[in-house]
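Asks: For reference, the structure I am asking about is given below.
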Amino acid sequence: FSPPMKIKIPFVNKPYLLLITNLFCNFKCSYCIQKKSSLDVRYNSKKIDVPAVLEFLKHNRIDHSVKLMGGEATIHPDFEQLMDGLLGLYCKITITSNLNGLWYKKFDIALSKMQAWGHRVKWNTTFHPDFMDADLYIERIRALREANINLSQVATTDTPDLDSEIIKKLSAADIGWKLQTFTGRNPEGLLLPKSWSDVNTDYPQLYDPSDR
């Protein structure tokens, strides 16, 4: 008798529906690669029509998981309506957020809403030292973990401009924080990573330098 062979199946990204809730951007991130872009998105007020999007998806079902991005996805005035509607249509939703902005001003209320949405919603959080205090980010991540929110990313983009003291503070906070190199830039201003050896992230599949 021979035991069955173990076959290692390579990871393959599953397709997903990406909803960009708004195009607002202030270009304040130190690692921004769009400042000299021909795309005019600075302070762009364009945002999706939530009722129209939900109505379309009801009648044109796209059987994939959903990812929400922006700008900052949560600054859309109908963000909660969008989430409630999507949860009626989809099993899994991933939100990329910096945990900052108007929706988080009354943080206890935002947190209770996140709890109500439950583990079907996964949060990818990014810390932006350019416009958020590190202590506030740490406090909010701890609150999310204590509330058993589904956190899949707690990270900051590693760039030459990142203060070493901030790195020490976030590393010592024991919140599961990490540095990531993709979407950053090196001292010469080139988009990171230059090679797979530069990748310092659990998500290398998000960016393949060979595709450039």
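Asks: Kindly provide the set of residues from segment 150-173 that are open to solvent by 20 Å² or more (accessible area, probe 1.4 Å) and not in a helix (DSSP H, G or I), ordered by number.
Replies: Here is the first cut: in segment 150-173, the residues open to solvent by 20 Å² or more (accessible area, probe 1.4 Å) are 150-152, 158, 160-169, 171-172.
Within segment 150-173, Asn150, Leu151, Ser152, Asp158, Pro160, Asp161, Leu162, Asp163 qualify.
Asks: Quick one: Ser38 ticks every box in (1) polar (S, T, N, Q); (2) modelled with pLDDT under 70; (3) in contact with a strand residue (DSSP E or B) (Cβ under 8 Å, 6 or more places away or on another chain) bar one, so which box is it?
Replies: So the condition that Ser38 fails would be (3).
Asks: Residue by residue through segment 95-110, note down the ones that are in a helix (DSSP H, G or I), open to solvent by 50 Å² or more (accessible area, probe 1.4 Å) and either of a type in the set (S, T, N, Q) or modelled with pLDDT of 95 or more (or both). Don't jump to the end; show me each part of the working.
Replies: Of segment 95-110, the ones in a helix (DSSP H, G or I) are 102-104, 107-110.
Cutting the leftovers down to open to solvent by 50 Å² or more (accessible area, probe 1.4 Å) gives us 102, 108-109.
Within segment 95-110, Asp108, Ile109 qualify.
Asks: Give me the pairs, please: first residue somewhere in segment 54-70 and modelled with pLDDT under 80, second residue anywhere and among the hydrophobic types (A, V, I, L, M, F, W, C), beta-carbon distance under 7 Å, and either six or more positions apart or on two chains.
Replies: Partner pairs satisfying both residue conditions: Ile62/Leu17; His64/Leu17.
Asks: Determine if segment 126-141 includes at least one residue that is in contact with a helix residue (DSSP H, G or I) (Cβ under 7 Å, 6 or more places away or on another chain), touching a residue at least 24 places away in the same chain (Cβ under 8 Å), open to solvent by 40 Å² or more (accessible area, probe 1.4 Å) and not acidic (Asp, Glu).
Replies: Yes, segment 126-141 contains at least one residue that is in contact with a helix residue (DSSP H, G or I) (Cβ under 7 Å, 6 or more places away or on another chain), touching a residue at least 24 places away in the same chain (Cβ under 8 Å), open to solvent by 40 Å² or more (accessible area, probe 1.4 Å) and not acidic (Asp, Glu).
Asks: Looking at segment 78-94, can you tell me whether even one residue there is hydroxyl-bearing (Ser, Thr, Tyr), part of a strand (DSSP E or B) and out of contact with any Leu (no Cβ under 8 Å at 6 or more places or on another chain)? Steps first, answer last, please.
Replies: First, pick out the residues of segment 78-94 that are hydroxyl-bearing (Ser, Thr, Tyr): 90, 94.
Okay, now just the ones that are also part of a strand (DSSP E or B), so 94.
Next, from what is left, pick out any that are out of contact with any Leu (no Cβ under 8 Å at 6 or more places or on another chain): none.
No: segment 78-94 contains no residue that is hydroxyl-bearing (Ser, Thr, Tyr), part of a strand (DSSP E or B) and out of contact with any Leu (no Cβ under 8 Å at 6 or more places or on another chain).
Asks: Of all residues being buried (at least 17 other Cβ atoms within 10 Å of the Cβ) and of a type outside the set (Phe, Trp, Tyr) in segment 111-121, which is nearest to Leu87 (Cα to Cα)? Just the residue, please.
Replies: In the first step, residues of segment 111-121 are kept if they are buried (at least 17 other Cβ atoms within 10 Å of the Cβ); the result is 111, 114, 117, 121.
Applying the additional criterion that residues be of a type outside the set (Phe, Trp, Tyr) yields 111, 114, 121.
Numbers: Leu111: 17, Met114: 12, Val121: 9 Å.
It comes out as Val121.
Asks: Could you please find all residues in segment 42-94 being out of contact with any strand residue (DSSP E or B) (no Cβ under 6 Å at 6 or more places or on another chain), hydrophobic (A, V, I, L, M, F, W, C) and open to solvent by less than 60 Å² (accessible area, probe 1.4 Å)?
Replies: Selection gives Ile48, Val50, Ala52, Val53, Leu54, Leu57, Phe79, Leu82, Met83, Leu87, Leu89.
The values are calculated or read from the model by the stated rules, or taken from the named source; none is laboratory data. If you're wondering where the values come from, they're calculated on a predicted model, not measured in any experiment. For neighbour counting, all protein chains shown are included, and Cβ atoms are generated from backbone atoms with ideal geometry for every residue, glycine included. Just the protein is used for accessible areas: all its heavy atoms, side chains included, with ligands, DNA and RNA removed. Shrake-Rupley method; radii C 1.70, N 1.55, O 1.52, S 1.80 Å.
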